[in-house]
1. Using R₀ = 22 Å, calculate the FRET efficiency as 1/(1 + (r/R₀)^6) where r is the Cβ-Cβ separation of GLU112 and LEU435; round to 0.05.
2. In sequence order, what are the phi-derived ³J(HN,Hα) couplings for the range 30-36 according to the Karplus relation 6.51 cos²θ - 1.76 cosθ + 1.60 with θ = phi - 60°, rounded to whole Hz, with x for glycine and proline?
3. From the phi of every residue in the range 543-554, what ³J(HN,Hα) in whole Hz does the Karplus formula 6.51 cos²θ - 1.76 cosθ + 1.60 yield, where θ is phi - 60° and glycine or proline is x?
4. Do you know the Lys pair count in the chain for C-alpha distances under 17 Å, with sequence separation 8 or more or different chains?
5. Looking only at the chain, where both bridge partners belong to it, what percent of the DSSP beta bridges are antiparallel (to the nearest 5)?
6. Roughly what % of Cα-Cα distances in the range 212-304 sit above 21 Å, to the whole percent?
7. Return the long-range amide H neighbours of ALA382 (sequence gap of 5 or more, or a different chain), with a cut-off of under 5 Å between placed amide H atoms.
8. Quick check on the chain: helices-only [θ] at 222 nm, where DSSP H runs of length 4 and up contribute -39,500 (n - 2.57) each and the sum goes over total residues. Nearest 500, please.
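Bear in mind that the values in this text are calculations on the coordinates, not laboratory data. The shown structure was predicted, so the numbers you read here are calculated from the model rather than taken from an experiment. All Cβ positions, glycine included, derive from the backbone under ideal geometry; neighbour counts span all protein chains shown.
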Amino acid sequence: MHSTELNRHARQVINVTQGRPQGCDPSIVRSWQRCLEDYHLDPAQNIAPTVLEHGRILEGRERLQHVLQIAGHEMNSLHQQLSGAGHAVLLTDARGVILNCITAPTERKIFEHAGLWLGADWSEAREGTNGIGTCLVERQALSIYQDEHFRGRHTGLTCSASPVFDPHGELLAVLDVSSARHEASRQSQFHTMALVNLAAKTIEGSYFLRQYEQQWLLRFHLQAESVGLFSEGMLAFDGDGVICAINQSGINLLGHARRNLLGQTVDSVFDCPRDVLFSRASAQASTRWPLRTLDGRCLFAALRGQPRAVPVFVAPAPEPVRPPLSGICLGDEALQTDFRRSLRVFERDVPLLINGETGSGKEAFAKAVHQASARAEKPFVALNCASIPESLIESELFGYRGGSFTGARKEGMQGKLQQADGGTLFLDEIGDMPLVLQTRLLRVLEDRVVVPIGGEPQAVDVRIVSATHRNLQERVADGSFREDLYYRLNGLEVGLPALRDRTDKSQLLDFLLAEEAGGQPLRISQGAREALLEFAWPGNVRQLRNVLRTLAALCDDVIQFDELPATIRLAPSRAPEPCEHPLEDAEKQALLLALELHRWHMTHTALQLGVSRNTLYRKLRKHGIKAAESGMRAVASLKR
């Protein structure tokens, strides 16, 4: 940004903070005043954000490793829902330091130029008003649009951020979507903000469930069908009925402050004897029943846990029961066969190599094998070799000894191989692992010994499952993947089918909908079901799950055809014949995606495509796309 533009923006900041003109967002004005009066920042100063050193980034990621594991799936889903192009999805810690960043590979340099680096400090005290830093201070979801940023150098960004709280109401992280596109409209931020907020609440809920998976968990809401959705209340208590934690939705539904609930017994809050409450528990918490509070509030609840009953006789200890498989549907006969074969060789310590398109469910398949094996009670640790920068992957995989490099933690850090000791290590996108680490990994697989950076050798007992969407034989041929490591990992190679080729699509559709609806009685109309089953699903199971998650949040009882995304509604009703004009077909698909992204706003779509409105309308007529009718359907579905 030129100095004249920086100075103009600085004058605007000063005028607003001194005069407080009508129409300014109060949160922006408050933030600008903090930047000037508390942090003594200069809006015209053009300096890059502060980036933490390597060791402190690793320490931050280690501290939030469970959050990063949960958030990784949500961030990928969010990036895909936003059509990817032009957006960076970020997760920071409670200080505003970026710990994970998902962008399209071709756009990484753009966002790095804007200062969105791994380890960059985007706290308000450092960078002034911005989505991440101001969200941390205001403790609420918000959007910062272009020149609402305090620093002039950031006015090319548009950011939507939402806080993620832990079960005790403390700020845990911030989820942010940033766009560097100058043509981004304020209107488009409403849609983006809604998706970011939904994803943040999903991360919050998943983290709560993981933190208290060994406790009794009461899930409740004013409506029975909302139990299991992101707006539900969650309350964890121990075997004596003493409340350990409650989320913000639970506080809102009960009307009590958190400090007045923690440490109390459940029967001091609910009009239900403790023994009766324990007897209503179930492992899946699938039954909803009325529950009244002592102050007369009527709720519906489900209780996760083992029901308590008075024993009639002392029975011998039962054999340990393996938990049921979750997150995977095996209705496809070929998939069932591959699963049985995979489990047999896995139990014999034979490495698995899973091939499949992006989003086809490779991690879910690997985790299901682990859950069905004798190692089910041991750790399942996943590492995505493509999502971690090359400078961090060695520390993440092998760990390090305290003081082994500048900024390293005094106590050191366990690597993924050590964390998976006794269990399973899942190496996703193994084809993207740097060559130097391939050599070290091969040595670990041969010797079963890990050498942390700067540390001593340590024996590990770990089984390896690898996955890739690349052709590893081609990478071996071009020298980017070690041949000996390929044969060491390829004990049994399993190819997961793309969603379009699966024979259990209908069963999978119902399976995923039940998971995303969380107990909500949600059905799919015949027309919507046919459209979902006939769609090509280039993003495979991950894309289908994302669509169903959004539909479960927006729809009430029945998912109708008109409520489906436009890309699905406007897709051909049957598989197309081989295209004689592939370029024209690609142009049509690009038009549909751009229209969907801008919710059929013709001016914004034309600007993105770099054509005039007349040219855009001419291309719509050429491809038989009825703009008015389809646009009205898209707007109507959004309003619902």
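1. E(calc), rounded to 0.05, equals 0.40.
2. 4, 5, 4, 5, 4, 4, 7
3. My calculation for the range 543-554 gives 5, 4, 4, 4, 5, 5, 5, 5, 5, 5, 6, 9 Hz in order.
4. Taking the chain as the scope, the lysine pair count is 7.
5. Bridges in the chain are about 70 percent antiparallel.
6. 18 percent
7. Those qualifying (amide H under 5 Å, at least 5 residues apart or on another chain) are PHE426.
8. -12500 deg cm²/dmol
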